[in-house]
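The values are calculated or read from the model by the stated rules, or taken from the named source; none is laboratory data. Owing to the predicted nature of the structure, the values given are computational and were not obtained by experimental measurement. Virtual Cβ from ideal backbone geometry, glycine too; neighbours counted across all protein chains shown. Just so you know, the surface numbers come from the protein's heavy atoms only, side chains and all, with ligands and any DNA or RNA stripped out. Shrake-Rupley method; radii C 1.70, N 1.55, O 1.52, S 1.80 Å.
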Protein chains: 2
Amino acid sequence: MTSRPILLTMGDPVGIGPEIIVRAHAAGELQDAVVVGDPAVLARARLACGLPPVDLPVWQPPTLSDASLASLPWGCVDARAGAAAAACIVAATREVLAGRARAVVTAPIHKEALAAAGVGVPGHTELLQSLASEHVGRPLPVRMMLANDELRVVLVTIHTSLRRAIEALDTPGILETITITHEALQRFGLVAPRIAVAGLNPHAGEGGLFGDEEIRLITPAIEAARSRGIDARGPYAPDTVFMRARDTAARPGEFDAVVAMTHDHGLIPVKYLGVEQGVNLTLGLPLVRTSPDHGTAFDIAGRGLADPASLVAALRMARRLAPG
Amino acid sequence: MTSRPILLTMGDPVGIGPEIIVRAHAAGELQDAVVVGDPAVLARARLACGLPPVDLPVWQPPTLSDASLASLPWGCVDARAGAAAAACIVAATREVLAGRARAVVTAPIHKEALAAAGVGVPGHTELLQSLASEHVGRPLPVRMMLANDELRVVLVTIHTSLRRAIEALDTPGILETITITHEALQRFGLVAPRIAVAGLNPHAGEGGLFGDEEIRLITPAIEAARSRGIDARGPYAPDTVFMRARDTAARPGEFDAVVAMTHDHGLIPVKYLGVEQGVNLTLGLPLVRTSPDHGTAFDIAGRGLADPASLVAALRMARRLAPG
């Protein structure tokens, strides 16, 4: 391999991560990627998918030493599985931060397994944020972007209850999201990105009748972003802004991305047409990180049914953003 | 007219309501419908749309006596416009409750105008609920359903801030929503409707990690509904349940309707593909009421640009549910 590889973490060993990896490999999509994981887990996934034994490029980090992984039952929350998934993410991210690999693509993990393992962060985004912040020596703000062919969404709040998400909203956090979105879209090649900011409340608060977060928190953030030269607009009613941003052959989107206040306001429209092509990107990090936008699908894990399309889209996106 | 008419309220006189009405009429879609409104307002809408003067069936209720309506500026919140819109809804609903008309279809109103007029309820649903409850002599629980060709959604909470919506959630209210949905779908002709119940929190709380409303409030409601013989399932992650319910030629929906905890969880997916075919139905009333699922569109009011497709869909749905 002449260029630095893309590192692909195996995800939760008892979820569909190993299966979508071996199927993406069988489809010729791994190319310059090296899997970070347990070879026995990947061999079991090949069996589950009815694929022949092949020469899959796997790096087993020294911190991944649990020999029992490939005998854990499929589709059950397990602390050992959570610990192994986290060990792969940590190892892969450190390689990229050290400059020895060029991007990290992560297969899905299970948040309960991560919690059972005592990892101390709820998900990928927070774990990568912690590692990158440690690396640069200061806290790095990050945001999650979900993207498919017709819509890009960036989330102000993510893995927390809706009640706490509302309590956590503040003008600096919204402004930071708008700014990170603007900078990321410019890196994607858009000179003057058009950013729509969704409201929090029905009808974006209807002038204060249904909540005042738009007036107190969101509008001041939009105004501050505009004063920095960012083309941010809103706050728009959550129920129509995503439809307006949707970019199709029949109707060009009005915006290049939508900033959403909550996890589900943003993810419902991204996933509505099907999750196959959705990609999750972590913005704000000093590295490229993408992932499929689905979970571990414990209900079908080990049955050879999982579709690798979103993982393939994530690999392609990583290649585009971090050319070899 | 031999059968009892469908009554079509004009909506906010300075929004797009009058325009979509005259355009639906020009397209031959009013048939057995009588417009409840101000003839001068409708004449102005015809002018705005470049339509010739025609014999539009209009009933002007005695309570609608503001002669200045047709000279109000388009697209501005006005207490007189709000009061007139409310007067039409009240008059039309009373006619249907009295058995003199068979359904009410409502053109869009503006909630700020309604508030400015001191109407005392935030929107159509609450106003109809109040009138129907008064009529039957007891408080009637109602719910809002949004439907298009591929998705039906029923909302537990509607026109209130997201913060208050969360505070207002309780097991009886969720159970009532499931029950009303079940009964409505049976009236639509489904013998054993499959009802999905969405969670409130990201990943439906991920087993309690991201909020406990699923465990405390939603699951008990689902269990109570099931014990009554209703095929209710969940709580499912909000970001994927709507996609799973989506019914297309390529992929049949897994559910006949989704019960959503908040206004925007439900409305984002219904509107994502375009609002043209969306219909709003009020469930739980002793009358059929439908409406387009868009608003007054003050930004384009008076310009002859408004699309009557959603109003036409609402008229057709009313005809199907309340045959003449």
Neighbours by Cβ (under 7 Å, 6+ apart or cross-chain): first from the range B:94-121, within 14 Å of chain A (Cβ to nearest Cβ) and charged (D, E, K, R); second surrounded by fewer than 21 Cβ atoms within 10 Å (Cβ to Cβ) and not in a loop (DSSP other than H, G, I, E, B) = B:Glu112/A:Gly207
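Against the condition touching a helix residue (DSSP H, G or I) at 6+ places or on another chain (Cβ under 9 Å), of a type in the set (Asp, Glu) and crowded, with 22+ Cβ neighbours inside 10 Å, how does B:Glu19 come out, does it pass? Steps first, please.
Values: touching a helix residue (DSSP H, G or I) at 6+ places or on another chain (Cβ under 9 Å): yes; of a type in the set (Asp, Glu): yes; crowded, with 22+ Cβ neighbours inside 10 Å: yes.
For B:Glu19, the condition - touching a helix residue (DSSP H, G or I) at 6+ places or on another chain (Cβ under 9 Å), of a type in the set (Asp, Glu) and crowded, with 22+ Cβ neighbours inside 10 Å - is met.
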key: Selection from the range A:291-311 of residues that are more than 14 Å from every other protein chain (Cβ to nearest Cβ) and buried (at least 21 other Cβ atoms within 10 Å of the Cβ)   = A:Ser291, A:Ala301, A:Ala306, A:Pro308, A:Leu311
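Please count how many residues of the range B:163-193 are of a type in the set (A, V, I, L, M, F, W, C) and either over 19 Å from the mean Cα position of the chain (by Cα) or within 14 Å of B:Glu213 (Cα to Cα) (or both).
Going residue by residue through the range B:163-193, those that are of a type in the set (A, V, I, L, M, F, W, C) are B:165-166, B:168-169, B:174-175, B:178, B:180, B:184-185, B:188, B:190-192.
Checking the rest, the ones that are also either over 19 Å from the mean Cα position of the chain (by Cα) or within 14 Å of B:Glu213 (Cα to Cα) (or both) come to B:165-166, B:168-169, B:174-175, B:190-192.
Summing the residues that are of a type in the set (A, V, I, L, M, F, W, C) and either over 19 Å from the mean Cα position of the chain (by Cα) or within 14 Å of B:Glu213 (Cα to Cα) (or both) in the range B:163-193 gives 9.
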query = In the range B:17-30, which residues are over 22 Å from B:Ala67 (Cβ atoms) and in contact (Cβ under 8 Å) with a residue 12 or more places away in the chain?
reply = B:Ile20, B:Arg23, B:Ala24, B:His25, B:Ala26, B:Ala27, B:Glu29, B:Leu30
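Could you check the range A:167-179 and list, in sequence order, the residues that are within 11 Å of another protein chain (Cβ to nearest Cβ) and touching a residue at least 60 places away in the same chain (Cβ under 8 Å)?
Of the residues in the range A:167-179, the ones within 11 Å of another protein chain (Cβ to nearest Cβ) are A:167, A:169.
Result: A:Leu169, single match.
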request  = Read through the list (1) more than 19 Å from B:Ala309 (Cβ to Cβ); (2) of a type outside the set (Lys, Arg); (3) crowded, with 21+ Cβ neighbours inside 10 Å, then give the number of the only condition that B:Ala43 fails.
outcome  = (3)
remark   = Within the range A:203-222, the residues that are part of a helix (DSSP H, G or I) and either within 7 Å of chain B (Cβ to nearest Cβ) or crowded, with 17+ Cβ neighbours inside 10 Å (or both) are A:His203, A:Ala204, A:Gly205, A:Glu206, A:Gly207, A:Glu213, A:Glu214, A:Leu217, A:Ile218, A:Thr219, A:Ala221, A:Ile222
note = For the range B:179-225, the count of residues that are of a type in the set (S, T, N, Q), farther than 30 Å from A:Gly120 by Cβ and at pLDDT 95 or above equals 2
ask   = Can A:Leu267 be described as within 12 Å of chain B (Cβ to nearest Cβ) and buried (at least 21 other Cβ atoms within 10 Å of the Cβ)?
value = yes
inquiry  = Filter the range B:287-324 down to the residues that are more than 15 Å from the chain's Cα centre (by Cα) and modelled with pLDDT under 90 and list them by number.
reply    = B:Arg320, B:Ala322, B:Pro323, B:Gly324
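In the range B:271-290, which residue that is of a type outside the set (Gly, Ala, Ser) and facing chain A (nearest Cβ under 8 Å) is most open to solvent (accessible area, probe 1.4 Å)?
B:Leu273
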ask   = Which one of the conditions (1) open to solvent by 20 Å² or more (accessible area, probe 1.4 Å); (2) in contact with a Phe, Trp or Tyr (Cβ under 8 Å, 6 or more places away or on another chain) does B:Ala245 fail to meet, given that it meets all the rest?
value = (1)
inquiry  = Tell me yes or no: at least one residue of the range B:243-255 is aliphatic (A, V, I, L, M), more than 12 Å from every other protein chain (Cβ to nearest Cβ) and in contact with a helix residue (DSSP H, G or I) (Cβ under 6 Å, 6 or more places away or on another chain).
reply    = no
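Step by step: first the residues of the range B:1-31, then only those that are polar (S, T, N, Q) and part of a loop (DSSP other than H, G, I, E, B), then the one that is modelled with the highest pLDDT. Which residue is that?
Our first condition is that a residue be polar (S, T, N, Q); within the range B:1-31, this holds for B:2-3, B:9, B:31.
Restricting the remaining residues to those that are part of a loop (DSSP other than H, G, I, E, B) gives B:2-3, B:31.
On the way: B:Thr2: 54, B:Ser3: 83, B:Gln31: 90.
So, considering only residues that are polar (S, T, N, Q) and part of a loop (DSSP other than H, G, I, E, B), the one modelled with the highest pLDDT is B:Gln31.
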task = Could you run through the range B:246-297 and say how many residues are of a type in the set (Gly, Ala, Ser) and more than 24 Å from B:Ala24 (Cα to Cα)?
result = 7
task = Return yes when B:Glu95 is under 27 Å from B:Arg319 (Cβ atoms) and modelled with pLDDT of 95 or more and no when it is not.
result = yes
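Any residue at all in the range B:150-163 that is farther than 14 Å from B:Leu285 by Cβ, among the aliphatic types (A, V, I, L, M), more than 10 Å from every other protein chain (Cβ to nearest Cβ) and open to solvent by less than 60 Å² (accessible area, probe 1.4 Å)?
Yes.
Yes or no: B:Met261 within 12 Å of chain A (Cβ to nearest Cβ) and open to solvent by 30 Å² or more (accessible area, probe 1.4 Å)? First the steps, then the outcome.
Details: within 12 Å of chain A (Cβ to nearest Cβ): yes; open to solvent by 30 Å² or more (accessible area, probe 1.4 Å): no.
Here the answer is no, as B:Met261 does not meet what is asked.
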remark   = A:Gln60 vs (1) under 22 Å from A:Ala297 (Cα atoms); (2) open to solvent by 10 Å² or more (accessible area, probe 1.4 Å): all pass except (1)
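Does B:Val104 count as at pLDDT 95 or above, under 20 Å from B:Thr290 (Cβ atoms) and touching an Asp or Glu at 6+ places or on another chain (Cβ under 9 Å)? Can you show your working first?
On the way: at pLDDT 95 or above: yes; under 20 Å from B:Thr290 (Cβ atoms): yes; touching an Asp or Glu at 6+ places or on another chain (Cβ under 9 Å): yes.
The answer is yes for B:Val104.
So which residues in the range A:233-253 are more than 22 Å from the chain's Cα centre (by Cα) and more than 19 Å from A:Gly189 (Cβ to Cβ), if there are any at all? Give the derivation first.
Step one: of the range A:233-253, the residues more than 22 Å from the chain's Cα centre (by Cα) are A:233-237, A:239-240, A:244, A:248-253.
A:Arg233, A:Gly234, A:Pro235, A:Tyr236, A:Ala237, A:Asp239, A:Thr240, A:Arg244, A:Thr248, A:Ala249, A:Ala250, A:Arg251, listed by residue number.
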message = Could you list, ordered by first residue, the pairs with Cβ atoms under 6 Å in which the first is in the range B:226-240 and buried (at least 16 other Cβ atoms within 10 Å of the Cβ) and the second is of a type in the set (Asp, Glu), at least 6 apart or interchain?
response = B:Pro235/B:Glu214; B:Pro238/A:Asp264; B:Asp239/A:Asp264
remark   = The correct count of residues that are in contact with a helix residue (DSSP H, G or I) (Cβ under 7 Å, 6 or more places away or on another chain) and of a type in the set (Lys, Arg) in the range B:23-65 is 2
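Residue-by-condition table, conditions (1) closer than 24 Å to B:Arg102 by Cα; (2) touching a strand residue (DSSP E or B) at 6+ places or on another chain (Cβ under 7 Å):
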site: B:Pro39; (1), (2): yes, yes
site: B:Ala43; (1), (2): no, no
site: B:Pro57; (1), (2): yes, yes
site: B:Asp78; (1), (2): no, no
site: B:Ala86; (1), (2): yes, no
